[in-house]
Amino acid sequence: MSDGVATRVAAARTLDEVLHRGRSLKAALGASLPSLADPRDRALVEAMVLAALRQRVRYNAALDGWTPRPLGQRDGLLRALLLAGLAQLELGLPAHAVLAATVDAARALGRSHQAGMVNALLRRAQRDGLPVADPAQAWPDWLARQVRTDWPEQADAIFAASARLAPLWLRVNRRWIGRDDYRALLREAGIEATCDPALADALRLDAALPVQQLPGFDAGLVSVQDGAAQAVADVLAPPPGARVLDACAAPGGKAAHLAERDASLRITALDVDARRVRRMHETFARLRLEGLDVRAADAARPDGWWDGVPFDAILIDAPCSATGIVRRQPDVLLHRRDTDVPALCTMQTNLLDALWPLLAPGGMLVYATCSILRAENAAQVEAFLARTRDAALAPLDDRFGHDTGAGHQRLPGEGGRDGFFCARLRKA
């Protein structure tokens with residue numbers, strides 16, 4: 001089969017795994033993308049899948065309204081292919097190429113008898129456009145209610161931003177090149193980027209592209225990291241020579257950012273998953289960062305790994321509901337359950353209580369999540385402060401989002417960034 005057909009088949013299979021078989025988006029992409037040799041094809045599959053998942057309510061409404069008979073359970077793979085086809089049209093791909101390759105993909109998937117229907121549905125979408133839908137409909141009812149409770153004035157904007165395409169944020173490795181110099185390299189490659197004055201190492205690209213097209217990526221000049229995550233280095237701001245713990249570090253972006261900024265930091269980066277720890281090693285090697293202490297360990301059980309020497313700064317980028325990054329991980333809305341949040345809150349509480357004794361007097365701990373839920377963020381910090389006599393909230397300014405009274409919350413899409421919470425705690 002041609003490359004164009006193979007990409008559509010891969011997109012359809014990936015969507016079918018996520019939508020109808022309960023697989024995570026990361027795992028499904030990890031299984032399908034290696035079959036495509038060209039990084040541009042892999043990027044196209046990822047773009048199609050993300051767009052289809054973000055807009056699945058609109059796309060399904062169109063399909064359900066246009067098909068003469070409802071698509072049944074056995075048509076899951078066909079529906080996935082149609083979602084990918086609609087996504088291609090909205091991504092601005094040439095319509096003739098979309099129709100030809102998607103119809104051929106239907107045949108390749110053993111749906112030759114339905115190829116005519118695929119062609120007709122995509123032609124109608126091209127001609128009539130797609131219906132408008134409330135983006136909140138993509139959210140589980142319990143979660144949409146919680147967002148409206150926590151953010152009554154901003155909820156509609158949160159739902160809308162979470163359904164939009166996210167920009168590509170880059171973090172320039174200042175150890176090897178300045179931001180302005182790297183921006184010039186991008187311009188020479190025909191890639192336009194903008195600076196955010198609040199983020200010293202960040203560049204923003206409105207359109208995503210494969211990392212292989214980024215000048216010097218393999219040489220460690222640049223990484224992909226959202227602007228909200230890059231701000232963590234400014235929140236923690238450890239002094240030169242500090243002993244720093246990144247407690248839930250994988251895939252290693254925040255630890256790497258700290259090391260890029262200051263080679264004198266003594267950084268320990270932990271993750272409980274040994275496979276993710278191997279990925280951290282690969283990240284640090286690409287960025288040419290040496291001297292980090294990288295370990296597979298459970299941060300909530302210090303007896304198994306801590307040497308008894310206090311840390312000057314601790315970062316807890318805690319496991320969370322990921323409700324602030326739905327635009328990047330739209331499968332969150334498919335897989336998250338209301339019972340997950342209490343379990344995650346317990347895990348976050350355990351991390352805070354286990355790691356606070358490891359912080360030196362006068363030291364700083366930053367608690368962060370990519371959640372927008374109050375239970376995981378401000379309420380978590382308020383409860384910790386209430387039970388921890390030697391902990392005090394250290395002030396942050398409005399560069400870090402909305403002041404919740406117990407930390408700062410950036411909401412999805414604000415400043416082009418992901419939703420992200422951070423609180424800075426000082427030990428007396």
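Every read-out reported here was derived from the displayed coordinates using simple, explicitly stated rules and does not represent laboratory data. Being a predicted model, the structure only gives us computed values, none of them experimental. Cβ sites come from the backbone with ideal geometry, for glycine too, and all protein chains shown count toward neighbours.
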Query raised in the report: So what's the net charge close to Trp142: Lys and Arg +1, Asp and Glu -1, counting the other residues with Cβ under 14 Å from its Cβ?
Result: 0
Query raised in the report: By DSSP, what percent of the beta bridges with both residues in the chain are antiparallel, rounded to the nearest 5?
Result: 60 percent
Query raised in the report: Can you run phi through the Karplus equation (6.51, -1.76, 1.60; θ = phi - 60°) for region 294-303 and list ³J(HN,Hα) in whole Hz, with x for Gly and Pro?
Result: 10, 9, 8, 7, 8, 4, 6, 10, x, 4
